[in-house]
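Visitor: Just dropping this structure here.
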Amino acid sequence: MTACSAFIDGVYNFDFAILDWIVKNLRCGFLDVVMPIITFLGDGGWFWIACAVIMLFFKKTRKTGLMMGLALVCGLLVCNLTLKPLVARVRPYDLRPVENMLTEPMHDFSFPSGHTIASFEAAVVLLIRDKRFGIPATVLAFLIAFSRLYLYVHYPTDVLASIVLGSLFAVFSVWAVNKLYRRFEK
């Protein structure tokens with residue numbers, strides 16, 4: 001066994017230990033109803049896109065809407081269109097089927113989690129710009145990220161990497177839009 005394959009086996013062991021713990025210890029009727037609803041808010045980033053678009057209509061929030069929009073576009077290009085097909089990581093339920101799947105099988109790859117990236121891109125922008133909206137958005141982002149584990153459609157390492165990437169895209173977008181605004185204000 002090479003060092004690389006030993007590392008990959010270790011990552012899968014870590015991932016499945018957490019996923020299986022969630023299934024054995026947290027699965028219940030209430031969460032079985034709530035988690036698909038929470039994950040729906042992250043589907044295709046629609047909720048965060050809608051928030052960004054609405055913000056564009058108001059001068060007071062326009063800059064924040066642009067920041068969120070740029071972050072969401074970065075995530076789409078880098079993560080969904082580049083990393084997912086490049087890494088081509090199969091979904092957890094494809095390797096280890098779980099009883100009572102609460103969602104339909106996905107037709108794309110597992111890494112990274114688009115739901116998580118979009119949620120953290122938007123939430124971190126909001127957290128930087130206005131904590132009154134950023135704190136609840138961050139709580140929602142964590143709930144959406146957790147829902148992906150609960151539903152057994154992503155590995156914990158997918159979600160952790162996606163939190164980091166989404167946060168980095170958010171910070172970059174805040175910086176880029178601020179720089180652009182300063183340039184055109186002169």
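The values are calculated or read from the model by the stated rules, or taken from the named source; none is laboratory data. These numbers come from a predicted model, not from an experiment. Here the Cβ is made from the backbone with ideal geometry for all residues, glycine too, and neighbour counts use every protein chain on show. What goes into the accessible areas is simple: the full protein's heavy atoms, side chains included, and nothing from ligands, DNA or RNA. Shrake-Rupley method; radii C 1.70, N 1.55, O 1.52, S 1.80 Å.
For (1) touching a residue at least 40 places away in the same chain (Cβ under 8 Å); (2) surrounded by fewer than 21 Cβ atoms within 10 Å (Cβ to Cβ); (3) among the hydroxyl-bearing types (Ser, Thr, Tyr), each residue gets a yes or a no:
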residue	(1), (2), (3)
103	yes, yes, yes
111	yes, yes, no
115	yes, no, no
118	yes, no, no
142	no, yes, no
145	no, no, no
152	yes, no, yes
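Visitor: Of all residues in the range 120-140 being more than 15 Å from the chain's Cα centre (by Cα) and among the charged types (D, E, K, R), which is surrounded by the most Cβ atoms within 10 Å (Cβ to Cβ)?
Guide: 129
Visitor: Tell me the residue from 78, 34, 11 that is at pLDDT 90 or above, over 17 Å from the mean Cα position of the chain (by Cα) and open to solvent by less than 70 Å² (accessible area, probe 1.4 Å), please.
Guide: On the way: 78 fails: over 17 Å from the mean Cα position of the chain (by Cα); 11 fails: at pLDDT 90 or above.
Answer to the check: 34.
Visitor: Right, here's the next one. Looking at the range 49-75, which of its residues are surrounded by 19 or more Cβ atoms within 10 Å (Cβ to Cβ) and among the aliphatic types (A, V, I, L, M)?
Guide: The answer is 52, 55, 66, 67, 68, 70, 71, 72.
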